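Structure, as structure tokens:
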Amino acid sequence: MLFYSAEISDELTQVPGCWQKTLKGLENLITAGIETSINIVITSKNYKGLLNLTKFIHKKLPQIAGIDYSFVVSDGMALKTSNVVPKISRVRPYLLMAYKYCEDNKINFYE
């Protein structure tokens with residue numbers, strides 16, 4: 001299953017173990033009763049897995065209030081990393097599949 005893996009997370013954030021720490025933090029917020037949304041930053045390394053990541057979030061963290069899909073901003077580390085900003089035309093079909101899944105499963109999503 002292709003989705004935003006731990007390896008991609010570590011590579012993009014430059015923080016080893018970021019994926020597991022993020023999941024644990026989200027679980028802690030939900031357990032504490034804090035309304036929580038997720039921001040998925042779309043990059044050239046993860047856009048093909050948007051649908052599977054959305055399904056993963058829905059299954060693993062069904063209490064999430066919503067998902068915000070946003071494109072990586074071309075500044076900071078993104079300027080130093082080659083090919084991190086994807087072409088919108090390439091992302092569009094994958095993003096539309098993720099939106100459709102959200103609609104079908106009554107998941108709030110933002111673009």
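From the phi angles alone, apply the Karplus equation (6.51, -1.76, 1.60; θ = phi - 60°) to segment 54-67 and give each ³J(HN,Hα) in whole Hz, x where the residue is Gly or Pro.
Calculated HN-Hα couplings, in order: 4, 4, 4, 4, 4, 6, 7, 10, x, 7, 4, 6, x, 10 Hz.
Cross-link candidates for K59: which lysines have Cα within less than 22 Å, leaving aside residues fewer than 8 places away along the same chain?
Correct list for K59: K21, K24, K48, K100, K106.
Using only helices, what value at 222 nm comes out for the chain when you add -39,500 (n - 2.57) per DSSP H run of length 4 or more and divide by the total residues, to the nearest 500 deg cm²/dmol?
Details: 5 runs with 54 residues, N = 111.
Roughly -14500 deg cm²/dmol at 222 nm, from the helical runs in the chain.
Among E11, E111, which comes first, then next, by fewest other beta-carbon atoms within 10 Å? Mind dumping the intermediate values first?
Details: E11 16, E111 9.
The most exposed by this proxy come first: E111, E11.
Once amide H atoms are built 1.01 Å from N in the peptide plane, which residues 5 or more positions from I38, or in another chain, come under 5 Å H to H?
G66, I67, D68
Per-residue counts of other Cβ atoms within 10 Å, averaged by peptide: what ranking do you get for 21-28, 44-51, highest first? Kindly include the intermediate steps, with their values, before the conclusion.
Numbers: 21-28: 13.8, 44-51: 20.4.
In descending order of packing, they fall as 44-51, 21-28.
Evaluate the chain: find the radius of gyration of its Cα atoms, find its Kirkwood radius, and give the ratio Rg to Rh.
Values: Rg = 13.9 Å, Rh = 14.5 Å.
Rg/Rh for the chain comes to 0.95.
No value in this document is a laboratory result; all are computed from the given coordinates. Remember, it's a predicted structure, so these values are computed and weren't measured experimentally. A quick note on method: Cβ atoms are made from the backbone with ideal geometry, for glycine too, and the neighbour counts reach across all protein chains shown.
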